[in-house]
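The values are calculated or read from the model by the stated rules, or taken from the named source; none is laboratory data. Model, not experiment: these values are computed from the prediction. Every residue, glycine as well, gets a Cβ built from its backbone with ideal geometry; the counts of neighbours run over all protein chains shown. For the accessible areas, the whole protein counts, side chains as well, though only heavy atoms, and no ligand, DNA or RNA atoms are used. Shrake-Rupley method; radii C 1.70, N 1.55, O 1.52, S 1.80 Å.
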Amino acid sequence: MSTHHISVTINGTPYEGDVEARILLVHWICDTLRLTGTHIGCDTTSCGACTILVDGKATKSCTMFAVQANGRQIMTVEGLEQGDKLHPLQEGFHEEHALQCGYCTPGMMMTSLALLRRNPNPTEHEIRVGISGNLCRCTGYVNIVKAVQYAAEKMQAAEQVPVGAEGGE
Amino acid sequence: MFPVTFDYLEARNLDEAIALLEQHGGDAKILAGGQSLIPLMRFRIAGPTILIDINRIDSLEYIQETDGTLHIGALTREAELDNSALIRNRYPILLDTSSMVADPIVRNWATVGGNIAHADPANDHPATMLALGARIVARGPAGERVLSIDEFFTDAPFETALAPNEVLTEIRIPAPVERSGGAYFKLERKVGDYAIAGAAAYIVLDAGGNVSYAGIGLTNLAQVPIKARNAEQSLLGKPLDDAAIHAAADLAAAATQPTSDTRGPADYKRAMARTLTVRALRKALARATGGE
Ligand SMILES: Cc1cc2nc3c(=O)[nH]c(=O)nc-3n(C[C@H](O)[C@H](O)[C@H](O)COP(=O)(O)OP(=O)(O)OC[C@H]3O[C@@H](n4cnc5c(N)ncnc54)[C@H](O)[C@@H]3O)c2cc1C
Ligand code: FES
Ligand code: FES
């Protein structure tokens, strides 16, 4: 049984600790660091409730060992809010009623964030495919898709270059 | 659940991975994407005492076409196949396959090499690689060897021809030639599930329109990935018309040995093997003749 000293940056904050090799990343984040926004919904890598970003990639944190995250950049749902301002995705889930129990929500939002960074203006189909690794057992997907569309519009609007500043085409 | 205890070792390069395998032999397992191995360890179905992590060996992640061969580094993630313009334009059968593996989050880490090395009859790449006639590059302390994909899989489930001290380093696929095409079809209960049944077909036609190469592979229809040899043979030297396609699909279905389980009864799976083989051959033909 090996134990490892790891250093990981989570939501911009550096964390360090000793972990046994078999500790799953999700357990280290939730149980040791007490960042409890990330959820565990299954034992089979199926539900996506544990999704976080590892070096920008949506990752099921129940299917990676904590030691594998050494030196990597992680973002969890706690990293979405800036100061007291909700992230457009959080706002979208709120406005579009995209959650009931909320258990799947952190994973849904992290997967959607990775999707919108890669594809800022996805079609409904692309959103549905994009979140197909995240299961919601109570809200259904209609409002979740709307929430992602809401966020996409808001995030794009925020990135709009002021009229006149663009080069001619 | 927690896996049983083990020692974790990180390999910084391929030589180090091989040296560690050589040192620890049968007790050690390579950790690639971990998307099969970690779930098995969590259920304590697998309990390797040593894991050798190869995730940081960037030199094993590449997709390149050179000299009539597509080279895929073993650590290439499924998501990289999904997003590769080369794959989309020239190897649609590989995009058919990668886009059906698990779900997009799993695909961010799952590797093509791991999908094949795991030799799970339910995995999707084995059928496609059997259809394409892929070659597998294995490296061990004594150097490199190249195996044909049908030598790579054995008669036992989850077993390959890799020695305990060898790493699968690369998959080689013949580049498309004129009048060639392939397709993969998978029937699944829901996104992210393993196949109820799957069929891959790859064909090459000669100038006269007769089949000069036919490869057919089947997913999750026996204890091991299936290469439907009789079906392949039946197509050679003839035009790929509907009668030939149906005759081959019957032979492919006859090669299956499905078991009844939560994904359906054996008869249903065999019937689906036939239907999916028909679809895969038709689509392969359409692609070979510029119909798509
Ligand atoms: C929810 C879920 C659904 C899934 N659905 C599908 C599906 O529909 N279709 C499908 O095809 N797959 C599916 N998978 C499996 C997934 O594709 C795995 O990623 C794949 O089977 C193994 O690849 P990996 O890189 O994750 O390998 P790992 O899990 O790291 O390793 C698997 C095995 O291969 C060995 N290995 C890995 N790489 C090498 C190498 N380079 N050299 C030697 N040995 C090596 C390991 O030692 C281990 O024994 C699913 C997985 C999950 C979690
Ligand atoms: S907890 Fe269900 S996928 Fe990770
Ligand atoms: S809101 Fe309850 S599982 Fe999605």
### Query
Do we have any residue at all in segment B:214-231 that's over 17 Å from B:A122 (Cβ atoms), at pLDDT 95 or above and more than 18 Å from the chain's Cα centre (by Cα)?
yes
### Query
Condition test on B:A28, is it under 24 Å from the mean Cα position of the chain (by Cα) and surrounded by 14 or more Cβ atoms within 10 Å (Cβ to Cβ)?
yes
### Looking only at segment A:7-39, and only at residues there that are surrounded by fewer than 21 Cβ atoms within 10 Å (Cβ to Cβ), within 14 Å of ligand 2 (Cβ to nearest atom) and not in a loop (DSSP other than H, G, I, E, B), the one that is farthest from the other protein chains (Cβ to nearest Cβ)
A:C30
### Query
Taking the condition within 13 Å of another protein chain (Cβ to nearest Cβ), away from ligand 3 (no atom under 16 Å from the Cβ), touching a helix residue (DSSP H, G or I) at 6+ places or on another chain (Cβ under 9 Å) and farther than 18 Å from B:N165 by Cα, does B:M1 pass?
yes
### Query
Looking only at segment A:52-78, which residues are touching a helix residue (DSSP H, G or I) at 6+ places or on another chain (Cβ under 8 Å) and part of a helix (DSSP H, G or I)?
A:S61, A:C62, A:T63, A:A66, A:Q68, A:A69, A:V77
### Task
All but one of (1) in a strand (DSSP E or B); (2) touching a Leu at 6+ places or on another chain (Cβ under 6 Å); (3) surrounded by fewer than 23 Cβ atoms within 10 Å (Cβ to Cβ) hold for B:Y202, so report the exception by its number.
(3)
### Query
For B:L235, all conditions in the list (1) open to solvent by 50 Å² or more (accessible area, probe 1.4 Å); (2) within 16 Å of B:R282 (Cα to Cα) hold save one; what is the number of the exception?
(1)
### Task
Output the number of the condition that A:Q68 fails; it satisfies all remaining conditions of (1) touching a residue at least 24 places away in the same chain (Cβ under 8 Å); (2) within 13 Å of ligand 2 (Cβ to nearest atom); (3) within 21 Å of B:N55 (Cβ to Cβ).
(2)
### Message
For segment B:71-154, give me every one of the helices (runs of 4 or more DSSP H) that falls completely inside it and has 1 or more residues that are within 16 Å of ligand 2 (Cβ to nearest atom).
### Response
B:104-107
### Task
Examine segment B:8-25 for a residue that is small (G, A, S) and surrounded by 20 or more Cβ atoms within 10 Å (Cβ to Cβ), and state whether such a residue exists.
yes
#### Entry: Test for A:L24: is it in contact (Cβ under 8 Å) with a residue 40 or more places away in the chain and within 16 Å of ligand 1 (Cβ to nearest atom)
yes
### Query
If you go through segment B:53-62, how many residues are buried (at least 16 other Cβ atoms within 10 Å of the Cβ) and away from every other protein chain (no Cβ under 12 Å)?
3
### Message
Regarding segment B:60-69, can at least one residue be identified that is in contact (Cβ under 8 Å) with a residue 24 or more places away in the chain and within 13 Å of ligand 1 (Cβ to nearest atom)?
### Response
yes
### Summary
Picking from B:P126, B:P157, the residue that is more than 15 Å from B:Y213 (Cα to Cα) and at pLDDT below 95 would be B:P157
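Conditions (1) within 11 Å of chain B (Cβ to nearest Cβ); (2) open to solvent by less than 30 Å² (accessible area, probe 1.4 Å); (3) touching a His at 6+ places or on another chain (Cβ under 7 Å); (4) closer than 18 Å to A:A114 by Cα, marked per residue:
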site: A:G41; (1), (2), (3), (4): no, no, no, no
site: A:T44; (1), (2), (3), (4): yes, no, no, no
site: A:C47; (1), (2), (3), (4): yes, yes, no, yes
site: A:V54; (1), (2), (3), (4): yes, yes, no, yes
site: A:A58; (1), (2), (3), (4): yes, yes, no, yes
site: A:S61; (1), (2), (3), (4): yes, yes, no, yes
site: A:V67; (1), (2), (3), (4): yes, yes, yes, no
site: A:M75; (1), (2), (3), (4): no, no, no, yes
### Query
Just one of A:M110, A:M64 is within 16 Å of ligand 3 (Cβ to nearest atom) and not hydroxyl-bearing (S, T, Y); which is it?
A:M110
